[in-house]
Amino acid sequence: MTIKEKDEKFFGRGNPPMDLEVVKAEGSYVFGADGKKYVDFLGGAGVGNLGWGIKEIEDAIKNGDRPSYIYPNFYYKPWTELAELLAELTPGKLQKSYRMTGGSEAVEAALQMATMYTGRKKILSVEGSYHGNTIAALSVGATKKQEKFPNLLSGCEKIQPPLNKEKLKEVESLLSGKEVAAVIMEPIIINMGVVIPEDEFMSGLNRICKETGTLLIMDEAITGFGRTGKMFATEHFDIEPDILCMAKAITAGHAPMGAVITTPEIDKKVGGEIGLYSSYGWHPLAVDASLAALKYLKSNRERLFRNIEQISKSFQEEISEINFPKDPEIRIKGAAIGIDLQDEEYASNVKEKALKEGLLMNTEGSSLLFLPNFQMTREIVHEGINLLKKII
Ligand SMILES: Cc1ncc(COP(=O)(O)O)c(C=O)c1O
């Protein structure tokens, strides 16, 4: 049987596979079993923020002198070290980290915390968004994707983009009854093709949340750890989240991990009761990977963030030179690049043809989505855009 036949027979897939068998990944390239080299604008859907095969992280995993497993209720020095580092890297008063295995679990925990802390049931989110695939995460995600799930949470309200000053009236009326436990959103909505809320919307949302005792949850599973040109996308705005979700780039793709961080005040009320036991949350191997990835990000911060600015400009310039059939809306924040082609079928055609040409990318609805790593050179950006031009 070929790999495709076996895959089809034994392997459960929620989404159709891309026609590429990967054997290796290095820097900004992915290599196929067909011997072909692919320019990676996909970045493992936001996981690979540093590029592939970072020696410091690989070595930490290979050479780490660690126990096979630590029972969650024991003390373990690297857990405390990682939690302290996350408190340092995240904005505002966020301080207490909980161990998770990924983004969906982090969102689930955040919603549990918010409902327990406030004693309220309702949640407000942004229509069309994605927050993962647990029942709670699906409940706050896009309504369109909910048809096949008959038993989602009730009391989940949604606001429609655009997220501008005018939208605040609706937010005010939804939150004024003080029944909503939390508002959850991505600060820059990468999962909708890099939708950038207006500054005034975000500061107004923050104010209304504080006035009504509604918690503000920033889901930074994909925006976190530099993706939008700041360590956390929250920092683009005048807001103070009460809970922040992390995943993906927390290990730069080297091991599964998630985290949810909150303030000492919220933790004081829920910490003793919420449980959140996770057998594999912050497994020692993943913690070694995460500490190495975050130390690399921190100690190369200036260089990496300068390069994000540079590739951001390169993408802007190069994309605006492409002759698309319809003028696209180009939305870029740091190393998050959305090109809205205003046609979902066309966008997915472009993605498919790009794969054949040797360029990897994602799509979100009618938008092409590029999530390049922060060490990508201008030359590689150019190489990828040239492949795209051929298709267009
Ligand atoms: C904003 C956001 N939240 C949650 C998730 C779910 O994360 P995971 O796939 O680690 O469960 C994702 C994944 O794409 C995400 O982008």
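The values are calculated or read from the model by the stated rules, or taken from the named source; none is laboratory data. Source: prediction; values computed, not measured. Heads up, the Cβs are rebuilt from the backbone with ideal geometry, glycines too, and the neighbour counts pull from every protein chain shown. We work out accessible area using only protein heavy atoms, side chains counted, and drop any ligands, DNA or RNA first. Shrake-Rupley method; radii C 1.70, N 1.55, O 1.52, S 1.80 Å.
Scanning the stretch 48-60 for residues that are buried (at least 18 other Cβ atoms within 10 Å of the Cβ) and not aromatic (Phe, Trp, Tyr) turns up Gly48, Asn49, Leu50, Gly51, Ile54, Ile57, Ala60.
Listed here are the residues, each with its yes/no results for (1) over 19 Å from the mean Cα position of the chain (by Cα); (2) within 27 Å of Ala87 (Cβ to Cβ).
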{"site": "Lys298", "(1), (2)": "no, yes"}
{"site": "Asn307", "(1), (2)": "yes, yes"}
{"site": "Gln310", "(1), (2)": "yes, no"}
{"site": "Lys313", "(1), (2)": "yes, no"}
{"site": "Asn323", "(1), (2)": "yes, no"}
{"site": "Glu329", "(1), (2)": "yes, no"}
{"site": "Ala336", "(1), (2)": "no, yes"}
{"site": "Ile339", "(1), (2)": "no, no"}
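Looking at this structure, is Gly141 within 16 Å of the ligand (Cβ to nearest atom), free of Cβ contacts under 8 Å to residues at least 60 places away in the same chain, within 20 Å of Val260 (Cα to Cα) and out of contact with any strand residue (DSSP E or B) (no Cβ under 6 Å at 6 or more places or on another chain)? For Gly141, the condition - within 16 Å of the ligand (Cβ to nearest atom), free of Cβ contacts under 8 Å to residues at least 60 places away in the same chain, within 20 Å of Val260 (Cα to Cα) and out of contact with any strand residue (DSSP E or B) (no Cβ under 6 Å at 6 or more places or on another chain) - is met. Screening Leu216 with (1) without any contact (Cβ under 8 Å) to a residue 40 or more places away in the chain; (2) over 21 Å from Phe374 (Cα atoms); (3) in contact with a Phe, Trp or Tyr (Cβ under 8 Å, 6 or more places away or on another chain); (4) not β-branched (Val, Ile, Thr) gives one miss only, at (3).
Residues being under 22 Å from Arg227 (Cβ atoms), aromatic (Phe, Trp, Tyr) and buried (at least 18 other Cβ atoms within 10 Å of the Cβ) are entirely absent from the stretch 68-80.
Counting the residues of the stretch 189-221 that are near the ligand (Cβ under 10 Å from one of its atoms), in a loop (DSSP other than H, G, I, E, B) and open to solvent by less than 10 Å² (accessible area, probe 1.4 Å) gives 1. Within the stretch 105-127, residues that are open to solvent by 10 Å² or more (accessible area, probe 1.4 Å) reach partners that are within 16 Å of the ligand (Cβ to nearest atom) and not in a helix (DSSP H, G or I) with beta carbons closer than 6 Å, at six or more positions or on different chains, in the pairs Glu105/Gly258; Glu108/Thr134; Glu127/Lys158. Restricting Gly229, Gly258, Gly253, Gly275 to residues that are open to solvent by 10 Å² or more (accessible area, probe 1.4 Å), within 12 Å of the ligand (Cβ to nearest atom) and farther than 27 Å from Leu175 by Cβ narrows the list to Gly253. Evaluated against (1) open to solvent by less than 10 Å² (accessible area, probe 1.4 Å); (2) over 22 Å from Glu21 (Cα atoms); (3) not in a helix (DSSP H, G or I), Ala347 falls short on exactly one condition, (3).
Scanning the stretch 352-386 for residues that are touching a helix residue (DSSP H, G or I) at 6+ places or on another chain (Cβ under 8 Å), surrounded by fewer than 19 Cβ atoms within 10 Å (Cβ to Cβ), part of a helix (DSSP H, G or I) and not acidic (Asp, Glu) gives Lys353, Arg378, His382.
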